[in-house]
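Here the structure is laid out as structure tokens; the discussion comes afterwards.
Coordinate-derived values only; no laboratory data. Model, not experiment: these values are computed from the prediction. Positions of Cβ are backbone-derived with ideal geometry, glycine not excepted, and every protein chain shown enters the neighbour counts.
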Amino acid sequence: MQITIYSPDRHFVYDGATPDRVGVGGGLTARIRIAAALAGRGHQVSVICNCPLRRLYDRVSYFPLDSVEHIKTDVLIAHSSGDKFDIAPLLTIPVKARVKVVVISGIGLPKGTAEFAPDSIYVCSNFMRKEVARLFPLVALNDIFVTYYGVNRWNWTNLFSPRRDPRRLIYSSHPSKGFEASREVVRQLHAKDRRFTLYAYGGNQLWGGAEDPPPSEPCIFYGGLINQPDLAVQYKRSGFLLQLQTRAEPFGITVVEAMAAGCLVIASPVGAFTELIQHGENGFVIEGDPGDPLTVRRATELILTVSESPDVVRRIRRQASSTPFD
């Protein structure tokens with residue numbers, strides 16, 4: 001079957017190799033992984049996107065946006081995960097497709113969705129299914145289907161397991177997703193036990209912005225944007241992932257990557273996080289505003305308690321690593 005994925009986003013230049021070579025945000029990573037998974041099942045897959053030139057990668061053909069004047073395919077998948085959150089440029093291209101699908105990675109529907117008239121809408125969590133139905137009641141629930149994002153083989157601990165530091169914390173997201181709360185947690189931990197440190201990855205470049213490293217601190221190390229295999233190693237070296245945020249998360253790819261790597265997740269109950277995390281079973285959910293000192297204190301005390309309980313750590317790590325899909 002011929003499957004074509006189209007994304008008009010221009011805030012990031014990339015192709016199929018970019019996540020594994022440089023690193024990108026979760027929505028763009030999902031687009032590339034979807035293409036590779038479909039090609040792996042024997043389909044003829046093309047991606048029309050903001051790539052620099054035409055190339056074949058992982059059995060997927062990549063075409064620059066401006067090189068395509070018309071689309072003829074069996075299945076056409078439209079996806080926007082950044083920039084203007086808009087698939088309307090697709091409406092200017094002559095299209096012939098048996099089935100049309102919109103993939104949604106952000107809150108709401110991209111501009112141009114109604115005019116595109118998709119046969120189905122693919123969302124990455126039940127939270128997003130409810131959000132789309134709430135915001136757009138004219139969309140039939142039967143036309144919205146849920147599939148969680150999977151995790152690459154290199155994320156699991158059984159492939160390569162470096163020595164783990166139980167007092168090494170990791171933050172791996174855009175700064176807007178709770179970096180300040182993570183820094184405050186590790187400052188309090190470090191004041192009680194100087195072995196606690198935080199390694200931060202991602203930053204503004206994750207969404208195509210300019211690099212803006214935070215001020216240096218004795219207990220905080222900033223690594224910026226790194227590729228997916230290297231990030232997996234950092235999860236395996238760390239005891240806890242901090243994801244304390246107010247932003248409603250459509251899915252949270254970093255959470256399942258950390259789980260597969262055996263890194264214990266501590267997150268806020270926002271968006272899809274409560275679908276992925278069962279408190280005290282495969283991770284921890286901290287109620288309250290991450291900007292509130294009481295919330296930070298609860299997270300700090302939880303980490304101190306858990307890090308001194310090897311049996312609890314082993315149990316939760318074992319259950320966390322069995323949570324994600326491949």
Cross-link reach from K192 to lysines, straight Cα distance under 28 Å and at least 8 residues apart if same chain, gives K177, K236
For region 201-326, report the % of Cα-Cα distances exceeding 27 Å. 17
Rank V306, V103, V47 by mean-square fluctuation in a GNM of the chain with C-alpha springs under 10 angstrom and give only the top-ranked residue. V306
Given Cβ charges of +1 for Lys and Arg and -1 for Asp and Glu, the option among Q243, T157, F221 whose Cα lies farthest towards the positive end of the dipole of region 153-321 is T157
Taking K72 as the anchor, which lysines have their alpha carbon closer than 17 Å to its alpha carbon, excluding any fewer than eight residues away along the same chain? K96, K100
Any idea how far apart T92 and K130 come out in nm if each label point goes 7 Å out from Cα toward Cβ? 3.9
Once fully extended, how much extra length lies between L294 and L159, figured as 0.36 nm per residue of separation less the alpha-carbon to alpha-carbon distance? 44.7 nm
The answer for trypsin sites (Lys or Arg not before Pro) in region 1-42 that fall in a DSSP coil and have at most 16 neighbouring Cβ atoms within 10 Å is R10, R41
Per 0.36 nm of contour for each residue apart, how much would the distance between D83 and R55 grow if the chain were fully extended, relative to their Cα-Cα spacing? 7.7 nm
Heads up, region 1-160 by the C-alpha gyration tensor (a ≥ b ≥ c square roots of eigenvalues; a/c under 1.5 rounded, else a/b over b/c prolate, else oblate) looks oblate
Net charge near Y199 (other residues with Cβ under 14 Å of its Cβ; Lys, Arg +1; Asp, Glu -1) is +4
Assuming 0.36 nm per residue, please report the length gained on full extension of the stretch R21 to H43 beyond their Cα-Cα distance. 5.5 nm
Ordering 115-121, 72-78, 60-66 by per-residue average of other C-beta atoms within 10 angstrom, highest first, gives 72-78, 60-66, 115-121
Just how far, in whole angstrom, is region 46-77 from region 277-309 if you go by their alpha carbon centroids? 44
Positive-pole candidate from V146, L53, P324, dipole of the chain, charges at beta carbon: P324
